[in-house]
Amino acid sequence: MTAPPLVEVDESVILDLKQKLLDPNTTLPEKYRILFSLRNVKGAAAHDALELALTDESALFRHDVAFCLGQRQDARAVEVLTNILHNTGEHPMVRHEAGEALGAIGTEECLAPLRAHLNDEVLEVAETCQLALQRIEWLRDHPGATNEESPYYSVDPTPALPTSIPTEELRDVLLDEKKRMFDRYSALFALRNKGGKDAVAALGAVFGARSALLKHEVAYVMGQMQDPKAVEFLTFVLKDGSEHAMVRHEAAEALGAIADSVTIGLLREFATDPEPIVAHSCEVALDVLDFEQSGQLEYADKGDGDKGSGAGEARRPICPCRG
């Protein structure tokens, strides 16, 4: 459960990125490149730029900004994330991400807003807040805990169970509708850390479960794993117009991360999906694919003409902010 270290950059670079972010002519994929840079930059100026990005018209983009604020684990974000969580007029996916981000930050100030929404009318928001509180409580009870088995740079919503647990046992926990969501998530992340065809198959079985929150997290980790064996599962989810938008959008981004040539036509097809969150996800995923195929290493806008500022250095991204 560790994020990559934040880097120092000149404030003029951050100002340049901020101006681009607020420019109405900046496209959504361009905004994501900026977001991917700002996520990794230390300091108040980068934080303030990210807060401004929360006013963007795209719910998809706002939700990923909230995600990045949580991954930075900067307590300055608690107030704005709390306001988003309380705002029932905001898109549920953005509110969910604000709750998850508060759990990632995990300070004392995060507890009250999370408790206030444990029984939120939106099930995905309620389940997120329950997980976030349980994560904070678990870390309090396990102060020396690390996430050494995870090869991924992410602050996960729950700790992973040990990878020494047999895959079949982890699958049973993951699919047990009577288990706490916290325990099912812990099994999910253990399967991600194990990797391999059996783990992918176990994760894919979740797409028959009831919880949209759980299914969206499975799609997300399939993108992290970048295993071509997940393409069949993710394609089915993306094509299912009756599936929750938050699950379909994660499937689209995961397909972009796997970068299989077979997925390009599918992403192009659904880039005009009537659900904006799905359409925007496909648009951004295609931009990531184009970027990777160009041979460039960092999906990021470093500002000031990309003059090697050091902003945004990270591994190949899943979506542009979930490296």
Amide H within-cut-off set for Val7, under 5 Å, with H built and near neighbours excluded: Val41, Lys42
Sequence-distant lysines (8 or more away, or on other chains) whose Cα lies within less than 23 Å of Lys20: Lys31, Lys42, Lys302, Lys307
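Over the range 13-102, what is the mean sequence separation of C-alpha contacts under 8 Å (at least six apart), divided by residue count, expressed as relative contact order in percent?
Working: 94 pairs, mean separation 22.0, N = 90.
Computed over the range 13-102, the figure is 24 percent.
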Pairs of alpha carbons in the range 23-85 whose separation is greater than 15 Å (percent): 44
Lys, Arg +1 and Asp, Glu -1 on Cβ, resulting dipole of the range 1-145 about Cα centre, debye, nearest 20: 240
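Nearest 500 deg cm²/dmol is fine: what mean residue ellipticity at 222 nm does the chain get from its DSSP H runs of n ≥ 4 alone, each adding -39,500 (n - 2.57), divided by its residue count?
Details: 16 runs with 192 residues, N = 323.
It comes out at -18500 deg cm²/dmol, rounded to the nearest 500.
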Average Cα contact separation per residue, the range 207-290, under 8 Å, 6 or more apart, as relative contact order %: 28
C-alpha center-to-center spacing [the range 102-141, the range 190-217] in angstrom: 23
For the range 60-92 versus the range 247-281, the gap between their alpha-carbon centres in whole angstrom: 24
Accessible area expressed per residue, the chain, with surrounding protein chains retained (probe 1.4 Å, Å²): 41
Set Lys179/Lys215; Lys178/Lys215; Lys194/Lys229; Lys179/Lys229; Lys178/Lys239 screened for pairs whose C-alpha atoms are more than 19 Å apart: Lys179/Lys229; Lys178/Lys239
Rel. contact order, % - alpha carbon contacts under 8 angstrom, at least six apart, the chain: 20
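Just the number, please: carbon plus sulfur as a percent of the accessible area of the range 156-299, 1.4 Å probe, no ligands or DNA/RNA counted.
Numbers: 2860 of 5670 Å².
Result for the range 156-299: 50 percent of the exposed heavy-atom area is carbon or sulfur.
The values are calculated or read from the model by the stated rules, or taken from the named source; none is laboratory data. This one's a predicted model, so the numbers in the text were calculated from it and none came from an experiment. Cβ atoms come from the backbone with ideal geometry, glycine included; neighbour counts cover every protein chain shown. All accessible areas refer to the heavy atoms of the entire protein, side chains included, with ligands and DNA or RNA removed. Shrake-Rupley method; radii C 1.70, N 1.55, O 1.52, S 1.80 Å.
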